[in-house]
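Here, each number is a calculation from the coordinates, and none is a lab measurement. Predicted, not measured: the structure shown is a model, and the values here were computed from it. When we count neighbours, we look across all protein chains shown, and the Cβ atoms used for this are built from the backbone with ideal geometry, even at glycine.
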């Protein structure tokens, strides 16, 4: 069991980093938020969050590139034939989701940040288990819907008030580390400017 706060903050941090590096994507998210909220500074409602479709794709692409929990383990409950191999009952299998999410057969140009990978027609053409940042099957994350709403609330709240810019001083590139949850060992450096 993982508490949702670690996975959520990991996703938010990496999303802010990617939005800083891709100002056109950031502008498109802000345009969507302006269509939803106009000049209002009211809090987001559940209905508003459902209408943040482009922001959802940005978050999905962030989780593809920086899956909060990139490695999961499963115990096999019965013998499984896999190609010419048999995985015996009782074995523990390590699933490296990060590698899955960077498979160029599933995600062409996997190092490119492209939220349009999650347009409905594109998603339909992919195997349902090609993308599983919240695990999958009977052991998937029970908080994934809540987590997605939480991430939308945080990012939309920041983008409604601030523009995300690169830091003024040179900062180290992201160096990924894993401590149950994916993190940047060098931190995530951005600068905020009032809108």
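A simple spin-label model places the labels of residue 192 and residue 73 3.8 nm from each other, with each point 7 Å out along Cα-to-Cβ. The alpha carbon centroids of segment 57-97 and segment 7-44 are separated by 31 Å. Counting neighbouring Cβ atoms within 10 Å and putting the fewest first, the residues 131, 54, 85 line up as 85, 54, 131. Normalised by the number of residues in segment 28-110, the mean separation of alpha-carbon contacts (under 8 Å, six or more apart) gives a relative contact order of 23 percent.
The GNM of the chain, with springs linking C-alpha atoms under 10 angstrom apart, assigns the highest mean-square fluctuation among 68, 125, 156 to 125. As a calculated quantity, the FRET efficiency between residue 81 and residue 125 at R0 = 22 Å, using C-beta atoms, amounts to about 0.20. Relative contact order of segment 1-139: 23 percent, from C-alpha pairs under 8 Å at least 6 residues apart in sequence.
Mind running the shape call on segment 143-195? Use the C-alpha gyration tensor, a ≥ b ≥ c as the square roots of the eigenvalues: rounded below 1.5 for a/c, prolate if a/b tops b/c, oblate otherwise. Since a/c reaches 1.5 but b/c is at least a/b, the shape of segment 143-195 is classed as oblate. Taking Cα atoms only, the orientation of helix 4-21 departs from the longest principal axis of the chain by about 60 degrees. Going from the residue with the fewest nearby Cβ atoms within 10 Å to the one with the most, 168, 192, 106 rank 168, 192, 106. Among 94, 171, 132, the ranking by other beta carbons within 10 Å of each residue's beta carbon, starting with the fewest, stands as 94, 171, 132. A Gaussian network model of the chain, with springs between Cα atoms under 10 Å, assigns the largest mean-square fluctuation among 183, 126, 74 to 74.
Between residue 48 and residue 170, how high is the FRET efficiency from 1/(1 + (r/R0)^6) when r is the Cβ-Cβ distance and R₀ = 45 Å? Nearest 0.05. Once the sixth-power term is evaluated, E becomes 0.75.
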